[in-house]
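Comments concern the structure below.
The values are calculated or read from the model by the stated rules, or taken from the named source; none is laboratory data. All values reported here derive from a predicted model rather than from experimental measurement. Cβ sites come from the backbone with ideal geometry, for glycine too, and all protein chains shown count toward neighbours. Just the protein is used for accessible areas: all its heavy atoms, side chains included, with ligands, DNA and RNA removed. Shrake-Rupley method; radii C 1.70, N 1.55, O 1.52, S 1.80 Å.
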Amino acid sequence: MKPNTQQLNNLSIQVRRDILRMVHAVNSGHPGGSLGCTEFLVALYQNLMDRKEGFDMDGIGEDLFFLSNGHISPVFYSVLARSGYFPVSELATFRHINSRLQGHPTTHEGLPGIRVASGSLGQGMSVAIGAAQAKKLNNDNHLIYALLGDGELQEGQNWEAIMYASAKKVDNLIATIDLNGKQIDGTTDDVLNMGSVRAKFEAFDWDVIDIKEGNNIEAIIAGMTEAKSKTGKGKPVCVLLHTEMGNGVDYMMYSHAWHGKAPNDEQLANALSQNYCEGESDY
């Protein structure tokens, strides 16, 4: 039984609390993009993906997800833990020495749910395409999902991969772009203006879908359901997810300042007070 919208919204609040506490505890990490992608990853793991019980690296017979912009690991770790991949209590070890929860996800620590190391930007699309082609070779009809940052698209390897995916008709791939318009040094328009991301993907012969309310659970589920309906038709699918960096914490929103900055004690208390719901269970 899939959780209803209220349950998904409550879980999103819990995940935001996890993100804030994880980053604050070590005075290190990336809260902005993590908060911006909270609703998306909650919807993906709790509603949209076809997942098996347990975890194995082969991932045969289930949908797979690859996080390309690995610096938003706090949201990924929280959603994985809250989805049963490893104990929620382990979130308290984020970025500690010898922890499995390093600042960027890595596979050598053997953390369930992590299929690829993703610290260097620009590589996740290539990995996702390879996994999608492996699915086809295995006659496995499940889907590959990938999440990339919009600033990350400024790196050239992405475009080689994007060209390849359409040329080879990798139509079991849904690549979502976190289109928040911000990166560590400012807005994406100021750092390196990419023009219309939609036009670029369409020029590379992808099907493109916009989710204008990228922090709304119902809009995400509706948009991703539409994206799933377009798979298997000869083209890869791109979802442009319009999010707000720092979503859910008023002083973090509408600015790139919290891309990689941890809140102090007072700021944490303020942020947590904005993200309260009945039944919360902090680690």
With x for Gly and Pro, the residue-by-residue ³J(HN,Hα) of the stretch 85-91, computed from phi through the Karplus equation 6.51 cos²θ - 1.76 cosθ + 1.60 at θ = phi - 60° and given in whole Hz, is 6, 7, x, 4, 4, 5, 4
Of the listed links LYS182/LYS261; LYS135/LYS212; LYS228/LYS261; LYS2/LYS200; LYS169/LYS200, those spanning more than 26 angstrom between alpha carbons are LYS135/LYS212; LYS228/LYS261; LYS2/LYS200
One finds the C-alpha centres of the stretch 1-57 and the stretch 75-138 to be spaced, in Å, by 13
With a 1.4 angstrom probe the carbon and sulfur portion of accessible area for the stretch 162-232, in percent, totals 49
In order over the stretch 173-179: 3J(HN,Hα) from phi, Karplus 6.51/-1.76/1.60, θ = phi - 60°, whole Hz, x for each Gly or Pro, gives 10, 10, 9, 9, 9, 6, 9
P(r) of the stretch 54-128 over all Cα-Cα pairs, 5 Å bins starting at 0, rounded to whole percent, reads 3, 17, 27, 28, 17, 7, 1
Amide H neighbours of GLN183 at under 5 Å, excluding residues fewer than 5 places away on the same chain, with H built from the backbone geometry, are THR188
Of all DSSP beta bridges having both residues in the chain, the percent classed as antiparallel (nearest 5) is 10
Expressed in square angstrom to the nearest 10, the accessible area of THR93 with a 1.4 Å probe stands at 40
Counting sequence-distant residues (5 or more places) and residues on other chains, those with an amide H built under 5 Å from that of ARG95 are LEU101, GLN102, GLY103
Sorted by chain and then number, the residues having a modelled amide H within less than 5 Å of the amide H of THR176, at least 5 places away or on another chain, are ALA146, LEU147, LEU148, VAL239
Of the candidate values [x] 52, 44, 36; [y] 63, 39, 32; [z] 58, 43, 35, the one computed for Cα extents along the principal axes in Å from this structure is [x]
With -39,500 (n - 2.57) per DSSP H segment of 4 or more residues and division by the full residue count of the chain, the 222 nm estimate, nearest 500 deg cm²/dmol, is -11000 deg cm²/dmol
Quick calc, the chain, dipole around Cα centre from Cβ unit charges on Lys, Arg (+) and Asp, Glu (-), nearest 20 debye, gives 560
Among VAL249, VAL116, VAL191, the residue with the largest mean-square fluctuation in a Gaussian network model of the chain built from Cα contacts under 10 Å is VAL191
Computed over the stretch 1-133, protein heavy atoms only, probe 1.4 angstrom, the accessible area per residue in square angstrom equals 36
So, relative contact order of the stretch 5-273 in percent, Cα under 8 Å, 6 or more apart, is 25
